[in-house]
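For reference, the structure discussed in these notes is given below.
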Amino acid sequence: MKRRNLSTPVAFLCAAFLSISLIACGEDDASFTTKEILLDAKKYSSLEELPACSEELRGQVADVAGVYYACVPDSWTMLGEIVGGVCNIRACDAALEGSNVFTVTRRQVYTCRSGSWVDFRGEAFSDEDYVECFIAVMIQDTVASADSLKGCNIAREGSLSVVMGGDLMACASQKWVEVSDTVISENDLPTCSKNGMFAYVLSKVQAYECKDGVWYKGGEPVSSSSKTPGSSSSKGMDSSSSKGMDSSSSKTQDSSSSLSSSSEAVSSSSKPVDDGITVRGICKASVTEAQKGDKVTYSFYNMGGTPQTFNWIFGDAADPSQSSEVSPEVSFNRGGWHKAMLIVNEGMKSQSDTVVCTGLTVRGTPISGCECTTDATVIALNSPDYLKAEWTVTGCTGSEPFTYEWSEGGVGDDSVGVGSTTWTGEYAPYVSVTNSDGEYMTPSCKKVGVVREMEFDCSLGKEKIDVFYRNGANAYLPSVDLSIVSGDSFSTKITMNASDKYDYYGSDGSYMYSRYVWYSNLTQATYTLDDSLSPLRTYAVLFAGDTVCTVSAVTCGPTDESNVVIKGDEASWSLFVDGKPYTASSYEWKITDQNGVTESGLENPTYTYSNEGTVSAVLTVNKGEDTETTLACADLMVAPAVTGCTCGAPTFSGGYPNIGDGQVDHVTFVWNVTGCENEDDLNYEWELNGLSPDSSAMENLEFGFSSFKTVANKTAYYPGTYMANVTVSNDYGSKQELSCGPAVVYGVDCQASADYVNKGGNITWTLSNAGNYEPETYLWTVKDKNGEVLATGTDASMVTQLLVTGDVQASVVLNKDLDTEIAVSCPSVYVAKEPLQNCSCKGPTLLSSVNNIAEGNVVYQWQIKGCISPYSLPLTYDWSSGFTVDPTDNSIVTKTFTEAGWATPTAVVENTDGSSDRLRCEEATAYNVTCAPKKSEITLGETVEWSFMVTYLPTDTYEWTFTEGENEPEVMSMVLNPQITPAATGVVNASVTFNEGDEYEMVVNCAPLTVKEAPPGPPAITGCSCGDPDPVPRQSAEDVFMFRWSVVGCTSEGATPLEYTWSDDVTPDPDDATVAIQVPEGAGTYGPTVTVENTAGVSVEVACRQVTYSNNYSEE
């Protein structure tokens, strides 16, 4: 048995049993409390029974005859104390030097050495270990989501909760915030780097907010002096400074876990020793809720330094209000929410900052009966009249007077609060009611619907009132209650229900809002008027007591319901009830226009209005009667008339209005309306009529309008007369109809008597298709190809003898300087010259010695021969590009090919008279043909493959010829890739003959093949054999029978030693690789194999001789 390594502490201390869940302390894999750890410890009667402290047992606790040991890291260590987490370990002082403490959450043993607790590596536990332990104790709630958190009010300020998934939430400034970092003291705060981040300071029981690089506590920036240890912190800590700390109460849930103080009592007779290490830690009451007069114990939990003195401040509601004890006992005589404060080692270099203890709720006289109500039904975010709502708290009983604290958008100093929000949905403010005994109650306020806007509109229909309502997202206001009143005697209620609705989806199809409903149309409600009601009524529509719109059943205004009259026309006035004419007992009209006020007592006064503008009227009916009513009538608009417009003859663009063969194929003409008054406010409607002579031209009419539509464009493709009409109108109904001037398109053509004539011949030009055109004058002009005038004429036709060559053009201007002037172009006539004869192109002729690019450049030549030029005029030759003209004879060109390709030259031959001939020569092709072996060099005995590559050359047939030394050539026909195995060393030559016997025949010599002697091979293994096996002698009958096989005789010159690898059915002898042992598994035939390999990598497989075994093999 291996020796157990044991270490024994200097002193054994009583274990502190602490009921704290390991999971609550942050260890996910823990499952026992401290007591359960001890009860679960395996019991041993002596140290010798302990198993070896291995990796598997690390962190386990063992009970050895009532003394507890822990396996950490690789030896069993006697335990002095067992605590739940590192925050439960007492301060390491001289009295505890050398003692051990086991932490359940860490499964670790810490030893007190020179004032610090260290593990087996000599490392102290970290602040993270401390914070993890204390956070677990201070958490009051664990909820499924942030929406499930309890209300964050002043009584819960500084409390912590956890949202499932791991987010740590703190109550700060009456709202829940997500904590990104947790530290022990203000001095431990990280750098403030991101606005809106929160860090929780344990010693202050408060969340700090990061703003613009500065940490804020309760809205106040944290000054640098607060981080300097040793400064006096007692200022402002007297009983008066604690006011407000016990004036409110909170129903804070007690923590299920408790912690034992880590501070040891400090004797008053001993002189404190100041080691200069700042004390850090937190303080906590023994309970989170108590009754007035109950005793509550406060304890300090050290996280750094050595506590020596204590200065506790509890406030004037506590007895005592201050204490210097290590763990004082306090009672409170007033209900509410109380926070204690502590300064450790005050006045010493190691002085702590002011530590704020976790809150304590002291129960007093409770409050009951509070209700928070409102008469409002809706808040509309974009409607000024409905931006806010008012709530009132009533019915509270218990220890008056009461104070009220409004939040969550609520504002108020007493029981009445005004609430507002910026989000649609349902809304109610939050209010906390506190009595004189510090008790508080948070009644739930009645919720109202919140929409984006409230917009009402009313109209009077046929014997009914229509009310329209528009809002935004409105899942919380499915109906609207309205009242309709008139005078003192009429009142009724109607309910407006939501119209069709649909869920809103994003542009990518994703569902955007599951809580909101968006309405596609206005919501509408209708009330039908009662026939018994007086027609001379005004009706008001009320929502939530406010008048949102009014309508009247009786109206007056112009008789024409359009309320518009054109300047110069007459208009009458009428009285209406529910949209229909109504007869009263008397009328007093006062009608005001630009000329003043006109009065009338007629039922329907009628006037002619000659000035533009607005005419207003006031009507009093039933004068002196109970139903006397004075009405402001609907206005009459006197609108301008459309006058002054004209549309004359069109203008043409693109030349003369003449379409025909050889002329333009279309003509565009433009009509324009001018002279209209108020042109910018007019509308133009165009149409064509009076087409002649071909109605099919109507299909080709296309109108294009300018921005004011005063212009119409017509593109005509056929001769004819086109006319346009246009109606000019304004938005008030006035209009003027115009007929524009006609557009005449002619179709005069010109023909030549021939389109080709030899030089010196005559040509006659005449006109045709005059149709609706009557020429009065003619002005002919004939020009050559250079624009020089050859002849002119004034007759109806033009006859000209042509003494030039090339194209000749004629044209005629008809009715010169008259309104009907047009120009007609005639087709051109070609005047030919005397041609060249018998020109031909000879070639191509191969000038180079090769016609295969693989063997060198290929050169071809062409030459123009045989040309007969009239009068022996000299010739010039214009060759196509890419060829080299002979400098001594430009009738000759050559082409040098440096790569495979083809070329076809062309040439224009011309004499000094301009006669010419164009020739196209025959094509020349340069081939690129190669052949070679796949490898240029082989060893004797190898086989090699040959191949050829052809560019542009046809390969209808091909024949290989191979020549090896003095041997007869070997011939292979129509083998694409022949293979040969040379019989001797040396050079093998080959050639390929393509297309033998036709015009594309070519012989190509291939690249040579070199054949060399083969190099000597690796040394062989010879002489190996494996004969019959030898039985292995048995010492007794019980021994197993075995064969002994041996391989012998193996040699390999220059490549030893040899390596032997036996088959899997035998076991090689560890001392002799040439020997293997085999145990027969029963009757059968046996014979292994062995692979022998030399150092050159050559191997042979040797099969041993097979033998038959029949279970009674004789060893003799």
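Extension gain for residue 123 to residue 287 (0.36 nm times residue separation, less C-alpha to C-alpha distance): 55.7 nm. Does the range 286-350 classify as rounded, prolate or oblate by the C-alpha gyration tensor (a ≥ b ≥ c root eigenvalues; a/c under 1.5 gives rounded; else a/b over b/c gives prolate, otherwise oblate)? It is prolate, given that a/c is not under 1.5 and a/b is the larger ratio. Counting Lys and Arg as +1 and Asp and Glu as -1 over every other residue whose Cβ lies under 15 Å from the Cβ of residue 417, the net charge comes to -4. Legend: calculated FRET efficiency, residue 679 to residue 653, from the Cβ-Cβ distance at R0 = 25 Å, rounded to 0.05, equals 0.60. Projected label points at residue 1107 and residue 444, each 7 Å from Cα along the beta carbon direction, are separated by 9.8 nanometres.
Quick one: work out Rg over Rh on the C-alpha atoms of the range 873-991, Rh as Kirkwood radius.
Details: Rg = 24.1 Å, Rh = 18.7 Å.
Here Rg/Rh amounts to 1.29.
Sorted on the mean count of surrounding Cβ atoms within 10 Å across their residues, most packed first, peptides 346-353, 144-151, 310-317 read 310-317, 346-353, 144-151.
Could you please report the charge total around residue 374, scoring K, R as +1 and D, E as -1 over all other residues with beta-carbon less than 12 angstrom from its beta-carbon?
Numbers: positive: 388, 446, 447; negative: 371, 375, 390.
Value of the local net charge: 0.
Calculated FRET efficiency, residue 63 and residue 321, Cβ-Cβ r, R0 35 Å, to nearest 0.05? Plugging the Cβ-Cβ distance into 1/(1 + (r/R0)^6) gives 0.15.
Taking the Cβ-Cβ separation of residue 632 and residue 167 as r and a Förster radius of 56 Å, what is the calculated FRET efficiency to the nearest 0.05? Each step should come with its number before you reach the end.
Working: r = 65 Å, r/R0 = 1.15.
Working from the Cβ atoms, E equals 0.30.
Sorted from greatest to least, the principal axis extents spanned by the alpha carbons of the range 155-195 come out as 26, 26, 21 Å.
So for the range 928-1012, considering every pair of alpha-carbon atoms, how many percent are separated by more than 23 Å? Don't skip to the end; give the middle numbers.
On the way: 723 of 3570 pairs.
Within the range 928-1012, distances greater than 23 Å cover 20 percent of Cα pairs.
The convex hull of the Cα atoms of the range 1012-1091, projected and averaged over all directions, covers 7.6 nm². The simple spin-label model puts a point 7 Å past each Cα toward its Cβ; for residue 56 and residue 622 those points are separated by 10.8 nm.
Computed packing ranks the peptides 288-294, 338-344 as 338-344, 288-294, most packed first, by mean other Cβ atoms within 10 Å. Rounded, prolate or oblate: pick one for the range 68-132, where a ≥ b ≥ c are the square roots of the eigenvalues of its C-alpha gyration tensor, a/c under 1.5 means rounded, and failing that, prolate if a/b is larger than b/c, else oblate. Cα axes put the range 68-132 in the rounded bin. Projected label points at residue 913 and residue 975, each 7 Å from Cα along the beta carbon direction, are separated by 6.9 nanometres.
Computed with the Debye formula from one identical point scatterer per Cα of the range 864-940, without solvent, the log10 of I(q)/I(0) at q = 0.18, 0.23 Å⁻¹ comes to -0.81, -1.09. On full extension, the segment bounded by residue 1095 and residue 570 gains 176.2 nm, given 0.36 nm per residue less the C-alpha separation. Working ranking of peptides 168-181, 779-792 by packing, defined as the average number of other Cβ atoms within 10 Å per residue, highest first, is 168-181, 779-792.
Subtracting the Cα-Cα distance of residue 148 and residue 411 from their residue separation scaled by 0.36 nm leaves 92.2 nm. Applying a threshold of 21 Å to the alpha-carbon distances of 567/709; 388/493; 284/339 flags 567/709; 388/493 as lying beyond it.
Short-range pairs are left out: with C-alpha atoms under 8 Å and at least six residues apart, the relative contact order of the range 928-1012 is 37 percent.
Please compute the net charge surrounding residue 1025, taking Lys and Arg as +1 and Asp and Glu as -1 over other residues with Cβ under 13 Å from its Cβ. Intermediate results must be reported in sequence, preceding the final value.
Numbers: positive: 1105; negative: 1028, 1101.
Value of the local net charge: -1.
Each 5 Å bin from zero up to the one holding the largest Cα-Cα distance in the range 128-226 carries the following percent of pairs: 2, 14, 25, 26, 18, 12, 2, 1, 0. The separation of the range 707-785 from the range 68-84, counted between C-alpha centres, amounts to 118 Å. Amide H contacts for residue 927 (H built 1.01 Å from N in the peptide plane; partners 5 or more residues away or on another chain; cut-off under 5 Å): 853. Extent along the principal axes, Cα only, for the range 371-450: 43, 18, 16 Å, with the longest axis given first.
Taking the range 770-800 and a reference point 7 angstrom along Cα→Cβ of residue 762, the backbone N atoms nearer than 17 Å belong to 791-800.
Taken together, the values in this text are just the output of simple stated rules run on the coordinates, not laboratory data. Everything numeric in this text was worked out from a predicted model, so none of it was measured. A quick note on method: Cβ atoms are made from the backbone with ideal geometry, for glycine too, and the neighbour counts reach across all protein chains shown.
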